[in-house]
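Q: Pasting a structure here, questions to come.
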Amino acid sequence: VLNGSGTVGAAGKMKDLLEEKGYTVDNTGNADNYDYETTQILVKSEKEAFIALLTEDLKESYSLGTSEATLKDDVPYDVRIVVGKE
């Protein structure tokens, strides 16, 4: 989970919400910039079904933008969520 909003604690808040819903979050940090207007969900192509699950679990709390199965196979995680300005 990456903070793309610049709001202190945004990634940690998302981590807590996901873990309450049964997801495992290995890491949080900052995105490449803080210009994300909406929250993005990126998954590996073989995990594309996660998009629908995550969208359902996050839509009430976050303004969702891009959801794509475009993560490279060599990254060490299945999903990357970038928290946007909410």
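The values are calculated or read from the model by the stated rules, or taken from the named source; none is laboratory data. Here the structure is a predicted model, which is why all the values come from computation and not from measurement. Glycine gets a Cβ as well: all are built from the backbone with ideal geometry, and neighbour counts include every protein chain shown. The accessibility values were calculated without ligands, DNA or RNA, using every heavy atom of the protein model including side chains. Shrake-Rupley method; radii C 1.70, N 1.55, O 1.52, S 1.80 Å.
Q: Multiply the residue separation of Ala69 and Ala49 by 0.36 nm, subtract the distance between their alpha-carbon atoms, and state the gained length in nm to one decimal.
A: Full extension from Ala69 to Ala49 adds 6.3 nm.
Q: Assign unit charges at the C-beta atoms only (+1 for Lys and Arg, -1 for Asp and Glu), then state the dipole size of segment 12-86 relative to its Cα centre in Debye, rounded to the nearest 20.
A: Approximately 60 debye in magnitude.
Q: Here is a follow-up. Averaged over all directions, how much area does the convex hull of the C-alpha atoms of the chain cover when projected, in nm²? Write out the running numbers ahead of the final one.
A: Values: hull surface 20.0 nm².
With every direction weighted equally, the projected area is 5.0 nm².
Q: Please enumerate, by chain and number, the lysines with C-alpha under 24 Å from the C-alpha of Lys72, excluding those fewer than 8 residues away in the same chain.
A: Straight-line reach from Lys72, under 24 Å: Lys15, Lys44, Lys47.
Q: What is the Cα radius of gyration of segment 39-81 over 2.2 N^0.38 Å, N being its residue count?
A: Working it through for segment 39-81, the quotient is 1.09.
Q: Taking only Cα atoms and a 10 Å spring cutoff, compute GNM fluctuations for the chain and point out the largest among Val25, Val75, Val43.
A: Val75
Q: If you roll a 1.4 Å probe over the heavy atoms of the protein chains, what accessible area per residue do you get for the chain, in Å²?
A: Accessible surface, normalised per residue, equals 60 Å².
Q: Among Val8, Tyr62, Leu18, which residue has its Cα positioned farthest towards the positive end of the charge dipole of the chain, with +1 placed on the Cβ of Lys and Arg, -1 on the Cβ of Asp and Glu, and the dipole taken about the Cα centre?
A: Selected residue: Val8.
Q: Let me ask you something else. Tell me the relative contact order for the chain as a rounded percent, counting alpha carbon contacts under 8 Å between residues six or more apart.
A: Relative contact order of the chain: 41 percent.
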